[in-house]
Amino acid sequence: MATSTACRESLATRRSECMIFPTYCRVPTPDCLRPVSPPLPTALANYGITAAMLTTLRDAIDAFRDAISRPREVISATAAFTAQLDAAFARAAAVLTGQLDNLVELFRVSNRPFYDQYQAARQIIDTGSPSPPIPPGP
């Protein structure tokens with residue numbers, strides 16, 4: 001199977017990186033998936049390979065190429081949404097403190113249990129500190 005120069009160079013580079021990134025070597029690059037000059041279907045007919053089989057193979061290779069890029073697209077989209085979280089939390093906090101907290105004040109006298117539960121739910125509990133160590137047993 002003939003391969004492109006870029007494919008051979010990519011494979012040579014990737015072999016040297018296998019010690020550092022072992023999973024990187026297992027994923028073929030898109031330019032290595034299809035030979036530069038595919039064999040003629042008539043030459044492959046002696047081996048029982050039909051033009052339909054070649055078309056199916058080419059379609060599978062194209063689908064694989066599309067699938068290779070999807071994880072990176074998902075990672076990029078996730079990073080973009082994560083970057084927007086701070087702004088979304090700031091907007092939610094503004095609604096809570098600017099509107100909802102003021103509305104709940106109406107229930108301070110008329111429905112004190114509801115008011116107290118709301119205030120308790122609004123308290124931020126910092127659980128980020130480690131718990132004290134358990135003393136060793138006897």
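Computed extension gain for Ala120 through Asn46, at 0.36 nm per residue and net of the alpha carbon distance, reaches 18.7 nm. Extension gain for Ala88 to Val74 (0.36 nm times residue separation, less C-alpha to C-alpha distance): 3.0 nm. Modelled this way, with points 7 Å down the Cα-to-C-beta line, the labels at Ser129 and Asn111 are 3.5 nm from one another.
Based on the alpha-carbon gyration tensor of region 60-138 and its eigenvalue square roots a ≥ b ≥ c, which shape applies: rounded if a/c is under 1.5, prolate if not and a/b is larger than b/c, or oblate? Oblate.
Computed from the coordinates by the stated procedures, all read-outs in this text should not be read as laboratory data. Fair warning: this is a prediction, and the values are worked out from it, not measured in the lab. Cβ atoms come from the backbone with ideal geometry, glycine included; neighbour counts cover every protein chain shown.
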